[in-house]
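The values are calculated or read from the model by the stated rules, or taken from the named source; none is laboratory data. Values in this document were obtained by computation on a predicted structure and should not be read as measured data. Glycine also receives a Cβ, built like all others from the backbone with ideal geometry; neighbour counts cover every protein chain displayed. Protein only, heavy atoms only, side chains kept; ligands, DNA and RNA dropped before computing areas. Shrake-Rupley method; radii C 1.70, N 1.55, O 1.52, S 1.80 Å.
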Amino acid sequence: MYMMDTPLTITHILRRARNFFPNNEIVSRLADGIFRYTYKDMYERTLRLASVMSEFGVSRGDKVATLAWNDHRHLEAYFAMPVMGAIVHTVNMRLSPEHIIYILNHAEDKVLLFDESLLPIVEGVHEHLKTVKVFVMMTNKSSADLPQTSVKPLYAYEELLAGADPNFPLPDDLSENDPCGMCYTSATTGNPKGVIYTHRALFLHSMASGLADSLALSESDVVLPFVPMFHVNAWGIPYSCTMYGSKQVLPGPVPTPQTLLELYEQEKVTVSAGVPTIWLGMLQILDQFPGKYDTSSIRGLISGGAAAPRGMIKAFKERHNLTILHAYGMTETTPLALASRLKPHLEKKLTDDEKLDYAATQGLLVPGLEMKIVNEQGEVPWDGKTMGELWFRGPWIAGEYYKDERTKGTFVDGWLHTGDVATINEEGYVRIVDRTKDLVKSGGEWISSVDLENALMAHPAVLEAAVIGVPHPKWQERPLAFVVIKEAQKGKITKEEILEFITPQFAKWWIPDDVLFIDSIPKTTVGKFLKRSLREDYQNLYN
Ligand code: AMP
């Protein structure tokens, strides 16, 4: 052994925060107001929670589920399970009851921690849970004041913590390859698929998120994850921030763009993260009320989960002096895999327009990972044009789905096949053209629905746009556009004007056959466009 083989664990991250940043703040927006404490307090309460879990019989390798918004108690669960050798399994509260039941039974969770406001969901599923033996409500209330419910046995979080051991002895023999986190991702059809995260994966991912040329998270940052803590661990932000001692601002139940803007101003937030839908909503508010919100503390808004439209990036920059940091990842990649930042030599030579083109790409591969873009001919050339499927491998790329037959189709010969179609240019910038299943195949040629959506959303009257391929007797498929017009412009714009706007940018056969105005694009549980539902509704348009 040439070098020390010390394990990279979540325990290390937690202890570091207590030792080096004891007085740095964590702010949590709760239903009844703002709660503040420090990493020192968070450390102590995390140990108390680990001690409670241990008393409930949770041991190494056991899973504890959470059904919760982004707040400080959820953060404590993020650390308590890993540091005791157990696994924290975050559950998406917006899934159907059937999927929530499937997930909890499939993961074999022992305990379920849930927010008080989510009690109705738990009431709807608890009778079907085979392995959950204990329910804990995350609330300020004591057990005597808990609401009447059929969910049993039910405990009150704060009461449990008050009576618990603040010096719970943490195991010092955890392996960095031990599992410590778990998340399910929705599948196109069938049940959600589970991904297990190891200490090492989350540790290295946290370091990668701090690299100056990726997201550059650091102690100077005040970070507000809008992205829910059940969506790929809020993109790892709670772990990265704790590693660096960054102030965390957790936006609590049902946050809106408005909530975020208020918190940005009050807490001097520097970095925030979410899907493009939330940024589109925020842009509308900023446009509507110029000067109302002070966003001057923000250095970057991380946009991921779906392609950040070029027009949106431009509008934020030009109208509000706000920078969108475009990043790409998936549940299977923990998630950070690509991040768009401009190389210095490009910064010097490109025009503003060209810089925007780069900002709209998903960017460069994060150090530590390996990538291939592959089509029938093999790896694609770095020409920015040839399309292939994006593959990854590396220390924070999953190797399988948890106890799931579908592993075979996605993890092949050590590579994760993402199902995303991409190009790579001569500088190494990756551009996601589409999900394989969203590409429109017309007359034997591919049309990128993402490119069309980006162009449509660059129109000043358009709030959101989604393009799908609709089966067509002659062309196999034709693109059909769905457009949501901004409130103020409703009724003042025609579909012909919309199509004229995008026509100069595309070959004629790319232009959608029709534009349908709708009130909103259906969304997935994590806020991405749900094109599957549009496809189901419109598949017989031409037949
Ligand atoms: P999820 O596991 O739910 O986070 O979904 C991952 C998928 O979201 C990826 O496979 C991509 O299709 C999509 N995605 C994530 N980030 C981006 C991005 N920046 N641009 C385009 N698509 C993205």
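Based on protein heavy atoms only, the chain ends up with 41 Å² per residue of surface accessible to a 1.4 Å probe. Against the chain, whose longest principal axis comes from its Cα atoms, helix 72-83 is set at around 70 degrees. Report the Stokes-Einstein translational diffusion coefficient (µm² s⁻¹, integer) for segment 440-538, Rh taken as the Kirkwood radius over Cα pairs, at 25 °C with viscosity 0.890 mPa s. For the chosen part, D equals 179 µm²/s. Taking Cα atoms only, the orientation of helix 199-210 departs from the longest principal axis of the chain by about 50 degrees. About its Cα centre, segment 36-196 has a charge dipole of approximately 280 debye under the convention of +1 per Lys or Arg Cβ and -1 per Asp or Glu Cβ, with nothing else charged. Distance between the modelled labels on residue 499 and residue 254, one decimal in nanometres: 4.1 nm (7 Å Cα→Cβ projection). Helix 39-55 axis versus longest C-alpha principal axis of the chain: approximately 70°, rounded to the nearest ten.
So, counting K/R as plus one and D/E as minus one, what does the shell of residues with Cβ under 12 Å around residue 438 add up to?
On the way: positive: 435, 437, 441, 528, 531, 532, 535; negative: 420, 434, 451, 453, 477.
Result for the local shell: +2.
If you model the chain as an ellipsoid using its alpha carbon gyration tensor, with each semi-axis the square root of five times an eigenvalue, the axes come out at 39, 25, 25 Å, biggest first. For segment 165-259, the Kirkwood hydrodynamic radius comes to 15.3 Å, computed from all pairs of different C-alpha atoms.
Using the Cα gyration tensor of segment 253-302, with a ≥ b ≥ c the square roots of its eigenvalues, what is the shape: rounded (a/c below 1.5), prolate (a/b larger than b/c) or oblate (neither)? Present the calculation step by step, with values, prior to reporting the outcome.
Working: a/c = 1.30, a/b = 1.04, b/c = 1.25.
It is rounded, given that a/c, with a ≥ b ≥ c, falls under 1.5.
Ordered by 1.4 Å accessible area with all protein chains kept, 523, 385 run largest first as 385, 523. Most tightly packed first, judged by the mean number of other beta-carbon atoms within 10 Å of their residues, the peptides 475-481, 122-128, 403-409, 450-456 read 450-456, 475-481, 122-128, 403-409. Put simply, the amide H of residue 514, placed in the peptide plane, has neighbours under 5 Å in 481, leaving out anything fewer than 5 places away on its chain. Across segment 89-101, rounded Karplus estimates of 3J(HN,Hα) from the backbone phi angles (6.51 cos²θ - 1.76 cosθ + 1.60, θ = phi - 60°) give 10, 8, 10, 6, 5, 8, 5, 5, x, 4, 6, 5, 4 Hz, Gly and Pro being marked x.
Rolling a 1.4 angstrom probe over the chain with all protein chains present gives an accessible area of which 52% lies on carbon and sulfur atoms.
How large is the convex hull of the C-alpha atoms of segment 36-196 per residue, in Å³?
Working: hull volume 18.4 nm³, N = 161.
Convex hull of Cα atoms, per residue: 114 Å³.
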